[in-house]
Amino acid sequence: METTGLGLLGGGPFGVFVAVMALYLVAAVTPGPNLLATLRASLASGRGAGLAVVTGITLASMIWALASLLGISLVFAMAPWLYGLLLTLGALYLIWMGANLLYSAWRPTRAPVALPLRTRASGWWGVRHGLLVTLSNPKSAVFYSSLFAVSVPLDAPDALRVALVAAVGLVAFAWYGGMALLVSLPPFAQAYRRGERALTAVSGAIFLGFGIKLLSQRA
């Protein structure tokens, strides 16, 4: 079997699987928009809303993994404008979300904007929110396509590809879901209520700054 990149580690499909998932786990636990969206939803609207967002993040992560294994990096190389479009749309969504959060923190009477209280009765809103946060981040496309391009041999068995996509989903749901459950415990919820305005402002600034940074890369 032909091996390339990280496929040299471990000498077979199992070695490739372990190497890829080790790198993915490191990336998943690194704070970013996914974790921020999970924490925000769980603290503002409870564990149900948080887990709904986590479900969306998990689905989007699996979509990126599957797309990368199917050759998304090659598509971007052949049509750079597609990546540019993705970057622009993603940046605009993050800017919009950040601006809404900042406005939510500023106005005297408000309900959370990034994840409205109606999500308590509408899990689909949270799933959609998680999907958009992850799919709108063009760095996810770069990460997944780069990781799988250098890790998975071109002639890797289909079973390995399926296992990788499934494992990405499992790790994403376990990590972000665990964080959603943790911060929805009473001590965290009480602390959030005391500092809700400040946390909303900080979250908005982070999303806004990240979106502006992405947009500036497009200029």
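Summary of values
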{"read-out": "L181 being over 30 Å from W106 (Cβ atoms), modelled with pLDDT of 90 or more and touching a Gly at 6+ places or on another chain (Cβ under 8 Å)", "value": "yes"}
{"read-out": "Positions within region 115-141 being surrounded by 18 or more Cβ atoms within 10 Å (Cβ to Cβ) and at pLDDT below 75, in sequence order", "value": "L115, T119, P138, A141"}
{"read-out": "Filtered residue count, region 195-216, keeping only those that are farther than 27 Å from A91 by Cβ and at pLDDT below 70", "value": "0"}
{"read-out": "Condition met for G46 (at pLDDT below 70 and out of contact with any Gly (no Cβ under 8 Å at 6 or more places or on another chain))", "value": "no"}
{"read-out": "Qualifying residue in region 151-165 (condition: assigned to a helix (DSSP H, G or I) and at pLDDT below 75)", "value": "yes"}
{"read-out": "Every residue from region 22-54 that is β-branched (V, I, T) and within 23 Å of I95 (Cα to Cα)", "value": "T30, T38, V53, V54"}
{"read-out": "Qualifying residue in region 62-74 (condition: under 17 Å from the mean Cα position of the chain (by Cα), closer than 30 Å to T200 by Cβ and either at pLDDT below 75 or among the hydroxyl-bearing types (S, T, Y) (or both))", "value": "no"}
{"read-out": "Tabulated pairs, region 168-179, first under 15 Å from R40 (Cα atoms), second in a helix (DSSP H, G or I) and not aliphatic (A, V, I, L, M), C-beta under 7 angstrom, 6+ apart or interchain", "value": "Y176/N34; Y176/T38; M179/T38"}
{"read-out": "Considering residues of region 87-114 that are surrounded by fewer than 17 Cβ atoms within 10 Å (Cβ to Cβ) and in a loop (DSSP other than H, G, I, E, B) only, the residue modelled with the highest pLDDT", "value": "R107"}
{"read-out": "Some residue of region 20-41 being of a type outside the set (K, R), over 19 Å from the mean Cα position of the chain (by Cα) and at pLDDT 80 or above", "value": "no"}
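The values are calculated or read from the model by the stated rules, or taken from the named source; none is laboratory data. Because the structure is a prediction, the values reported are computed rather than measured. So basically every Cβ, Gly included, is an ideal-geometry build from the backbone, and we count neighbours across all protein chains shown.
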